[in-house]
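Presented below is the structure to which this report refers.
Every number here is computed from the coordinates shown, using simple stated rules; none is lab data. Because the structure is a prediction, the values reported are computed rather than measured. Glycine gets a Cβ as well: all are built from the backbone with ideal geometry, and neighbour counts include every protein chain shown.
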Amino acid sequence: MRFTFSKNERLKSKKQIENLFSKGKLLHQFPLQIRYQSVRSEDTYPLKVAFSVPKRNFKKAVDRNRIKRLLRECYRHQKHKLYESNIEPYNLMILYIGKEEPEYQKLFNDLDTLLSKFIAKTSKINTSESE
């Protein structure tokens, strides 16, 4: 599998993002948080993902952008787990809620744990709905 993160995989719709925050569910793995919502989509990519770092914790845009870049890189290397689990379409927002700038390896491990939780949670939902 190619480790890419194409334009079609990005969550960009303001309406969908607002809907995600108002009606979506939440998972934590400090210093990360995932907001997710099941959607009906015929798109080739079952997941649409966005990344966010709050201005409250990091005043400088340079710092926020660096953390988002690290998050995208970590996600890009781990998204194959999500696609291999054959989950239905979801919108995801991955937020960094820590107060200090992260190291890549720690962020990678935390995102790995969080994505595993997400897969476990969504697979439970999918199996209970199909019964």
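Things worth noting here:
- Structure-derived Kirkwood radius over Cα pairs in Å - corresponding label in (i) 15.2; (ii) 15.8; (iii) 14.2: (i)
- Entries of Lys60/Lys121; Lys15/Lys81; Lys59/Lys81; Lys7/Lys60 with Cα pairs more than 31 Å apart: Lys60/Lys121; Lys59/Lys81
- In the stretch 70-119, trypsin sites (Lys or Arg not before Pro) in a DSSP loop with at most 14 other beta-carbon atoms within 10 Å: Lys99
- By average C-beta atoms within 10 angstrom, highest first, the peptides 54-65, 30-41: 30-41, 54-65
- Relative contact order of the chain, pairs being alpha-carbon contacts under 8 Å that are 6 or more residues apart, as %: 34 percent
- Under 5 Å between amide hydrogens, built in the peptide plane, is the criterion, and for Ile97 it picks out Leu32, Gln33 among residues at least 5 positions away or on other chains.
- FRET efficiency estimate (nearest 0.05) - Cβ-Cβ, Ala61 to Lys121, R0 35 angstrom: 0.60
- Dipole orientation for the stretch 1-113: of the candidates Pro102, Val62, Gln78, Val62 has the Cα lying most toward the positive pole (charges on Cβ; Lys, Arg +1; Asp, Glu -1).
- Note on the chain: helix-only mean residue ellipticity at 222 nm, from DSSP H runs of 4+ residues weighted -39500 (n - 2.57) and normalised by residue number, equals -16000 deg cm²/dmol.
- Residues with amide H under 5 Å from that of Ala50, placed H, sequence gap 5 or more: Leu11, Leu92, Met93, Ile94
- Angle between the chain longest axis and helix 61-84 axis [Cα atoms, degrees, rounded to 10]: 30 degrees
- For the chain, the longest principal axis of the Cα atoms and the long axis of helix 14-23 meet at an angle of about 80 degrees.
- Phi-based couplings in Hz for the stretch 97-111 (Karplus 6.51, -1.76, 1.60; Gly and Pro marked x): 10, x, 9, 10, 5, x, 8, 4, 5, 5, 4, 4, 5, 5, 5
- Residues whose amide H lies under 5 Å from that of Ile87, counting only those 5 or more places away or on a different chain, are absent; hydrogens are built 1.01 Å from N in the peptide plane.
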